[in-house]
1. For the residue pair A:Val104 and A:Thr62, what label-to-label distance in nm results when each label sits 7 Å from Cα along the Cα-to-beta-carbon direction?
2. Extension gain B:Thr200-B:Ala286, at 0.36 nm per residue separation less the Cα-Cα distance, in nm?
3. With a 1.4 Å probe and all protein chains left in place, how much accessible area per residue does chain A have, in Å²?
4. Relative contact order, percent, of chain B when contacts are C-alpha pairs under 8 Å separated by at least 6 residues?
5. Considering only A:Ala12, A:Ala130, A:Ala75, give the residue with the highest GNM mean-square fluctuation for chain A, with springs between Cα atoms whenever their separation is below 10 Å.
6. How big is the B-A contact in terms of buried accessible area, both chains counted, 1.4 Å probe, rounded to the nearest 100 Å²?
7. Nearest 500 deg cm²/dmol is fine: what mean residue ellipticity at 222 nm does chain B get from its DSSP H runs of n ≥ 4 alone, each adding -39,500 (n - 2.57), divided by its residue count?
8. Trypsin sites (Lys or Arg not before Pro), restricted to the range B:375-452: which are DSSP loop and have at most 14 other Cβ atoms within 10 Å?
Amino acid sequence: MPTAPAPTLLSADHLAMMDGGVSVIVSSCGTDLAPSVMRAVGSHIGDGGRRITVFVCRSQSTQLLRDVARSARLAAVFSQPSTHRTVQLKTRAARLREATDADVPALQRYLRGMEIELTRIGFGAVYARAMLAHRLDDVVAIEFEPELAFDQTPGPKAGQPIVGMP
Amino acid sequence: MTAALPLPAVDLGEVRPCLEGAIPAIMATCGADGTPNVAYISQVYYVDEGHVSLSFQFFNKTRQNLLANPRSTLLVLNPLNAVFYRLHLRYLRTESSGPVFESMKAQLAGIASHTGMADVFRLLGSDIHEVIEVERLPQEPLPEALPQPPARPNHLSVLRRGSARLSAARSLGAALDVTLDTLAQDLAVRHAMVLILDTTTQRLYTVASRGYETSGVGSEIALGDGVIGVAARECTPVRIMHMTSAYLYSRAMRNSLGDAQPQNTDIPYPGLPEPHSQMAVPLQSAGRVVGVLFVESPLDMQFSFEDEDLLVALGGQLGAAIDLMHEAEAPCTEDEPEAAAAVVPAPAGPALHVRHYRSNDSVFINNAYLIKGVAGAILWKLLRDGQQGRCEFTNRELRLDSSLRLPDVADNLEARLLLLHRRLAEQCPQLRIQKTGRGCFRFEANGPVELEDVAA
């Protein structure tokens, strides 16, 4: 995997989509090559896409957190339910930290985005609140800088690397 | 499938509501070097209590990873109560034909047309995975109640009532009617039909229907055509939750004879013009397909996996009944008194002109197509014998009559008689068949008949 991520790996378009509060799924891998996976309860796009935080519930993500702590490898998928637009980011240097009160605005903003998205596809905001229900003291933040990005919008071209914008 | 798998702590049955496609499943795989990958999955198909099948549509990272490392983890969500499940899977093999593949292909066609991606989605294979473990994830108490789905009938009670009605049916016609009654009354299924397989021509012909403008009795579908034909050929239920009429799978009903054959012999297929949900369940008896039970709706997502289970169970009994009815020949004491009383003297009037083509036993009445094949040959025999003054017949003598060209096994004589009976009732009430008991019937022409036999 190449190192030295392009400073602007993701286009403004991709970043706007990811920042709108869309479905986020994170995955890692154990020593036995068993994949771990969980839906995030929140995300935050910082520093123009160079610093990304995803939040998961510890109680629902035991293996995932163990795998990230061990390998620092992470794949995170951002997907907009109403359009199927999807981006996958990968890193080998993910870090864990406890969520704090300072993360609450990001979590709330994310929830609002998902409420809007699920309403668009006919599920109703209540599903977003149910899916993303969490206690702050159970939430763990995973921070990373994306090393690779792929367009994963469904179709034959899914999986193409996204090359950075000039 | 492997039979002796230890049951997972959480039964895969608990996960089935998550596999209905309301919320996409997510699959995590891992390369040989430990790089994780996440992908949305169009379709997770419940194969049995120990296996699921996932659609293989593109050669992508997920597939590359699975071939290098068969372990994957699937994340699914129950749309009714927002409980997450993780399925720990091991990839076994890819099937590109057979029941699972065909059923998934039909279902995927529905999903694709619903999402406007019919051109993009094509099923290359069904990836069969063993379910190693099912994990139910802990959940925070929900901040508020989720909307309740509309109340559904208790499927076991419906099955019991339907089964009791079927057990009481004394004729094939009654067995078909009570099955469709059960669907209409207890499941609110308004559009349904039963088709029976003609093993000689490898076509399915409609013998009973409900909820359509025309009954379509006698209309035909080739084995392998459309949802109905695929269900019969592959011997698998096919259930589609979203669909537009444009797609190939939506229907297939052409009944084409060769150019040399008499024209205009199609009986219109009765289906809905724009179905959105469909389900076809093969009817089986003694290990072979005898027909198909088919239901449809103009609305999306009308048939659940529970409906599928119910139709498969009820269809098992109906399949056995269809088989049983055509073997039962012992004269029955259950006479229908009104049958004899209903005989009316033949009024004078213009003669019915009946033309029979020997090549395919098609029968036209006053130049309008009525029926062909074995049912046509039976009608022709009844008319000819009728000219000699006979009106009482037995199934046994028909079965022994070599001119009817019945197949040696599974001749479905009872079904062909029922088909003829219903076609006559709809198209030519002047000719009628009336059961006088099990294995015997009366054929009457209510007026003069003129017969013309065409060698072609």
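1. So the label points at A:Val104 and A:Thr62 sit 3.0 nm apart.
2. 29.1 nm
3. 41 Å²
4. 12 percent
5. Among A:Ala12, A:Ala130, A:Ala75, the largest GNM mean-square fluctuation belongs to A:Ala130.
6. Working: alone 21130 and 8470 Å², together 26290 Å².
The contact between A and B buries close to 3300 Å².
7. Working: 10 runs with 127 residues, N = 456.
Roughly -9000 deg cm²/dmol at 222 nm, from the helical runs in chain B.
8. Loop-located and lightly packed - B:Arg390, B:Arg405.
The values are calculated or read from the model by the stated rules, or taken from the named source; none is laboratory data. All figures in this text were calculated on a predicted structure; none of them were measured in a lab. Cβ coordinates were reconstructed from backbone atoms using ideal geometry, including for glycine residues, and neighbour counts include every protein chain displayed. Each accessible area value is taken on the protein alone, full model and side chains, heavy atoms only, with ligands, DNA and RNA left out. Shrake-Rupley method; radii C 1.70, N 1.55, O 1.52, S 1.80 Å.
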